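To start, the structure under review is shown below, and the notes come after it.
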Amino acid sequence: MALSINIPDLTSNLTQPQLIQKLIDMYPQFESYLISFFVILIFWISCHQVFNYIKNSTISMVYLNLLFLLLITILSILTSLVIVFGNYQISYILYSYVVIMTSLLLTLIWWHSTKEWKLVDKNLHPCL
């Protein structure tokens with residue numbers, strides 16, 4: 001998985017002020033990149049927090065986790081879409097939709113891991 005910023009084709013005879021201006025013009029790309037990085041970072045930390053409580057795993061947990069990882073990789077693709085087509089609403093709508101779906105999936109993973117307390121050690125759970 002990789003987030004990416006496309007460096008524009010630049011001629012080698014640019015002056016330093018011209019190069020600085022080109023980098024300044026790329027600010028929206030950097031901004032989108034950083035926002036997506038931190039969104040993915042929050043999901044990654046949250047996922048680790050959920051899995052810290054899981055004592056055992058089932059094949060359904062593996063599939064849910066794989067789907068979660070798929071959505072994370074789609075977020076990186078949609079980051080590129082937002083960077084390139086940030087002036088179109090649809091790129092933000094798709095990105096937001098995948099963020100919502102990823103959040104719901106992480107909630108489902110937590111729900112599945114805690115239902116009937118089969119996968120969670122009761123001694124480690126802070127609510128018990």
Note on segment 8-50: residues in contact (Cβ under 8 Å) with a residue 60 or more places away in the chain and either exposed (fewer than 11 other Cβ atoms within 10 Å of the Cβ) or closer than 13 Å to residue 76 by Cα (or both) are 39, 43
Of those in segment 97-114 that are of a type in the set (A, V, I, L, M) and without any contact (Cβ under 8 Å) to a residue 60 or more places away in the chain, the residue farthest from residue 53 (Cα to Cα) is 98
Of the residues in segment 66-96, those that are crowded, with 18+ Cβ neighbours inside 10 Å, without any contact (Cβ under 8 Å) to a residue 60 or more places away in the chain and either out of contact with any helix residue (DSSP H, G or I) (no Cβ under 6 Å at 6 or more places or on another chain) or among the small types (Gly, Ala, Ser) (or both) number 1
Within segment 1-51, of all residues that are more than 30 Å from residue 108 (Cα to Cα) and touching a Leu at 6+ places or on another chain (Cβ under 8 Å), the one modelled with the lowest pLDDT is 10
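The values are calculated or read from the model by the stated rules, or taken from the named source; none is laboratory data. The structure presented is a predicted model; accordingly, all values stated were derived computationally and were not measured. Virtual Cβ from ideal backbone geometry, glycine too; neighbours counted across all protein chains shown.
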